[in-house]
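Okay, so here's the structure we're looking at.
Nothing in this text is a laboratory measurement; each read-out follows from the coordinates by a stated rule. Since the structure is predicted, the reported quantities are computational estimates derived from the model, not experimental observations. Positions of Cβ are backbone-derived with ideal geometry, glycine not excepted, and every protein chain shown enters the neighbour counts.
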Amino acid sequence: MPKGTPTAQTAVYGRRVGALFSHDTSGTHFCTASTVDSPNHNMIITAAHCLHGGKDDDYVSDLVFVPGYRDGKAPYGIWKVKTELVDTRWANGSDEDLDVGFAVLEPLGGKNIADVVGANTLAVDAGFRNVVRVTGYPMRSDKPITCVNSTTKEDTYQLRFACNGYFPGTSGSPWLTGYDPNTRVGKVVGVIGGRDEGGMEDNISYSSYFDEDVKHLYDEAVRESAPQ
């Protein structure tokens, strides 16, 4: 493990993490998301505040997910968001302990997202200390950044991750642990969000703790993801 606070580097690979845009890639990407395993192979996970403005606001409309986005290119396609889900306590009260959201994507070219790029699994109650890799898209760059460090407990339902370089746009970046190089699958134990919508400084990031509330939201998203 690196000592002190490391600095994020440009990610050289990563097709399960992507940028969120409004409508298409002509504008600026504003958040990060990643695929998460589900029975219908069509879901992504991100921060709730990337999908819904919280108290006195509503869901963001006309979103697209671009996995592996780099230098203006969409190597795995541009995927339209069909359904967004956040906890009602985020929607009604901006509860920072529930700053996690899921979205269901429409098929593209007759395929679902996880069949094209694969998906990591959701880990619930994984504890407060894990070595994680966090990959995301700062708005100031068209390349993803990545960093490895141990998480720590910030509060009862908050995780903390220290690494320089996580500027606005990295909200929703997955915290991946237990990556298996054979299956190429890891476990998502957090996403940048939570306290101060992920943190006020670029060197400290937060995540809401993934407990049974997050599992219930995931299960609801799975039900919404079933083919109509």
message = Ratio of alpha-carbon Rg to the 2.2 N^0.38 Å globular estimate for the chain, to two decimals, please.
response = 0.90
task = Counting other Cβ atoms within 10 Å, keep those with at most 14, restrict to DSSP loop, and tell me which trypsin sites (Lys or Arg not before Pro) in region 117-161 are left.
result = 129, 140
ask   = By count of other Cβ within 10 Å, fewest leading, how are 55, 82 ordered?
value = 55, 82
inquiry  = 7 Å from Cα along Cα→Cβ at both residue 83 and residue 108: what's the point-to-point distance in nm?
reply    = 2.1
key: Within a Gaussian network of the chain (alpha carbon springs, distance under 10 Å), most fluctuating of 56, 213, 24   = 56
key: Relative contact order [Cα under 8 Å, 6+ residues apart], region 9-224, whole percent   = 24
message = Let's test the formula: R0 of 35 Å, r as the Cβ-Cβ distance of residue 115 and residue 61. What FRET efficiency results, to the nearest 0.05?
response = 0.85
query = From the residues 225, 18, 46, which one has its Cα farthest along the dipole of the chain in the positive direction, the dipole being from +1 and -1 charges on Cβ of Lys/Arg and Asp/Glu about the Cα centre?
reply = 18
ask   = Measuring from label point to label point, each 7 Å out along Cα→Cβ, what is the residue 153 to residue 228 span in nm?
value = 4.4
query = If you plug each phi of region 94-103 into the Karplus form 6.51 cos²θ - 1.76 cosθ + 1.60 with θ = phi - 60°, what whole-Hz ³J(HN,Hα) values come out, in order, with x for Gly and Pro?
reply = 6, 5, 5, 7, 10, 8, 9, x, 10, 9
ask   = Which one of 47, 162, 11 has the biggest mean-square fluctuation once the chain is modelled by GNM with Cα springs under 10 Å?
value = 11
message = Nothing charged except the Cβ atoms of Lys and Arg (+1) and of Asp and Glu (-1): what's the magnitude of the dipole of the chain about its Cα centre? Round to the nearest 20 debye.
response = 1120
ask   = On the first, second and third principal axes, largest extent first, how far apart are the outermost C-alpha atoms of region 1-76 in Å?
value = 42, 32, 31
Residue 179-residue 140 pseudo-label distance in nm [points 7 Å out on the Cα-to-Cβ vector] = 2.4
task = Report, ordered by chain and residue number, the lysines lying within cross-link reach of residue 82, taken as a straight Cα distance under 29 Å and ignoring same-chain residues fewer than 8 apart.
result = 55, 73, 111, 143, 187, 215
